[in-house]
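Read the figures in this text as sums done on the coordinates, not as results from a lab. Everything quoted here is computed from the prediction, not taken from an experiment. Using ideal geometry, Cβ is built from the backbone for each residue, glycine included, and neighbour counts are taken over all protein chains shown.
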Amino acid sequence: MFELTFLGTSASAPSIERGLPAAMLLHRDQRFLIDCGEGTQRQLLASGLGFKKLDKVLLTHGHLDHILGLGGLVSTFARWEAASELTIYGGRWALERVRNLLQGVVFRGEDPEIAIAYREVEAGVVWQSDYLTVNAFPVSHRGPGCYGYEFREASHRPFLVEAAERLGVPPGPERRRLVEGNAITLADGTVIQPDQVLGEEIPGARLVYVGDAGRTDNLVDVACGADALVIEATYVHAEAELAATFGHLTARQAAELASVAGVKTLYLTHLSRRYPVKAILDEAKTIFPNAIVARDLDVVRIVKG
């Protein structure tokens, strides 16, 4: 299961109700901040998430509305010693802009009190553990090095308690070893194989997160079958030409992608201040009924459908 908090859902500039792009994804004991628009650190406090265990930032691209909040956030980390290290992932151009912001403006050439690592993203695995894989994939927007991120939870085989009890497997380390895929030998010499106490494999949840995008035909494969798709809906279809000019999507385009890719739930974000929310939602729902317009500080849980 994933827990996703939308910290900022506006496009380009904040509104009274919406801050600039940022979201926090939680999985087990891991936290991933996705983009960091101006005002993100205040939203982290308002959401109750705070700064604890925040050590990874994934940037979708290098436009200022997605990165400027890093200046304040990292400055706070350094002053308060709220974090000892931070790894920032992104395309080359995005990382260059962040380096200029942090080294040239925030720290002005001095050594910061926080260790900052810059990891250039390419298509493929960005981060991995036994329970989660984060993959990057290219996205078409204005400027080089734009990426989206796929969060793929590891599959698992449920432990069949009744079967274990029937076979005489005692609670404790023996069961843990079986879950880990190792055979055990009982006190009477009976050998128990993992397959005897593990059920059929259950796929994990999958979230596909797209920042700004100017086309969707290259996103169908990566979004296919996702339990949740987060993507921009900056314009409505009546202004599709304007959307294309600035490398953005309409609500209809986002919904068409969700429909073709067969995703479970569509979350729309990066909304322009020029439209009421109802206009975006109505346009999307006519094509993909399970569409939701995200609001700042909304928290959603994403499980395998």
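Simple spin-label model, 7 Å along Cα-to-Cβ: VAL125 to ALA244 in nm?
For the pair VAL125/ALA244, the computed spacing is 4.0 nm.
To test your reading of the geometry: what angle, between 0 and 90 degrees and rounded to tens, separates the Cα axis of helix 251-261 from the longest principal axis of the chain?
30
Say a paramagnetic label sat at a point 7 Å from the Cα of ARG79, along Cα to Cβ; which residues of segment 89-114 have their backbone N under 20 Å from it?
Residues 101-114 qualify, since their backbone N sits under 20 Å from the label point.
Quick query: amide H of ARG31 versus all other amide H atoms, modeled in the peptide plane; which residues come in under 5 Å with a sequence gap of 5 or more or a different chain?
ASP55
For TYR209, what is the net charge nearby, where nearby means another residue's Cβ is under 10 Å from its Cβ and Lys, Arg count +1, Asp, Glu -1? Could the numbers behind the result be given before it?
Working: positive: none; negative: ASP35, GLU150.
Charge balance in the 10 Å sphere: -2.
Among residues other than ALA228 whose Cβ falls under 10 Å from its Cβ, what is the net charge (Lys/Arg +1, Asp/Glu -1)?
Details: positive: ARG206, LYS264, ARG301; negative: ASP227.
Cβ neighbours under 10 Å give a net charge of +2.
Answer rounded, prolate or oblate for segment 63-186, using the Cα gyration tensor with square roots of eigenvalues a ≥ b ≥ c: rounded when a/c is under 1.5, else prolate when a/b is larger than b/c, else oblate.
On the way: a/c = 4.34, a/b = 2.22, b/c = 1.96.
Prolate is the answer for segment 63-186, as a/c is 1.5 or above and a/b outweighs b/c.
Would you please give the residues with an amide H less than 5 Å from that of HIS156, counting only those at least 5 places away or on a separate chain, with H modeled from the backbone geometry?
ILE202, GLY204
Placing unit charges on C-beta atoms (Lys and Arg positive, Asp and Glu negative, everything else neutral), compute the dipole magnitude of the chain about its Cα centre in debye, rounded to 20. Don't skip to the answer; put the middle values down first.
On the way: 31 positive and 38 negative charges, 104 e Å.
Charge dipole of the chain: 500 debye, to the nearest 20.
Quick one: order ASP221, ASP188, ASP296 by neighbouring beta-carbon count within 10 Å, fewest to most. Intermediate results must be reported in sequence, preceding the final value.
Values: ASP221 9, ASP188 6, ASP296 22.
Going from least to most buried by this count: ASP188, ASP221, ASP296.
Pop the C-beta distance of ASP221 and LYS278 into the FRET formula with R0 = 30 Å and round what comes out to the nearest 0.05.
0.40
About the Cα centre, and with charges only on the beta carbon of Lys, Arg (+1) and Asp, Glu (-1), how big is the dipole of segment 79-196? Nearest 20 debye, please.
Charge dipole of segment 79-196: 420 debye, to the nearest 20.
Apply the a/c threshold of 1.5 to the C-alpha gyration tensor of segment 139-281 and tell me whether it is rounded, prolate or oblate.
The shape class here is prolate.
Describe numerically, in nm with one decimal, the distance between label points set 7 Å from Cα along Cα→Cβ at ASP29 and at SER47.
Inter-label distance under the simple model: 2.1 nm.
Quick one: 3J(HN,Hα) in Hz for segment 187-196, Karplus 6.51/-1.76/1.60 with θ = phi - 60°, rounded, Gly and Pro as x.
3J(HN,Hα) across segment 187-196, in whole Hz: 4, 8, x, 5, 9, 10, 8, x, 4, 6.
Given H placed 1.01 Å from N in the peptide plane, which residues other than close sequence neighbours of LEU7 have an amide H under 5 Å from its amide H?
Excluding prolines and chain starts, which carry no amide H, the hits are ALA22, ALA23, MET24, LEU297.
If we count every other residue with Cβ under 11 angstrom of GLU256's Cβ, Lys/Arg +1 and Asp/Glu -1, where does the sum land? All intermediate terms of the calculation are to be shown ahead of the outcome.
Numbers: positive: ARG252; negative: ASP217, GLU283.
With Lys, Arg at +1 and Asp, Glu at -1, the net is -1.
Please list, in order along segment 269-279, the HN-Hα scalar couplings obtained from phi with the Karplus expression 6.51 cos²θ - 1.76 cosθ + 1.60 (θ = phi - 60°), rounded to whole Hz, x for Gly and Pro.
9, 6, 8, 6, 6, 7, 10, x, 4, 4, 5
Cα gyration tensor of the chain, axes a ≥ b ≥ c as square roots of the eigenvalues: rounded (a/c below 1.5), prolate (a/b > b/c) or oblate? Walk me through the numbers before you get to the answer.
On the way: a/c = 2.37, a/b = 1.46, b/c = 1.62.
Because a/c hits 1.5 or more and a/b fails to exceed b/c, the chain counts as oblate.
Starting from the Cα of MET1, move 7 Å in the Cα-to-Cβ direction to define the label point; list residues of segment 15-30 whose amide nitrogen is under 17 Å from there.
The answer is 25-30, whose backbone nitrogens lie closer than 17 Å to the label point.
Suppose we take every Cα in segment 145-190 and form the convex hull; what volume per residue is that in Å³?
Working: hull volume 4.3 nm³, N = 46.
Taking only Cα atoms, segment 145-190 has a hull volume of 93 Å³ per residue.
Considering only the chain, what is the antiparallel percent among its DSSP beta bridges, to the nearest 5?
Working: 33 of 57 bridges.
In the chain, DSSP labels about 60 percent of beta bridges as antiparallel.
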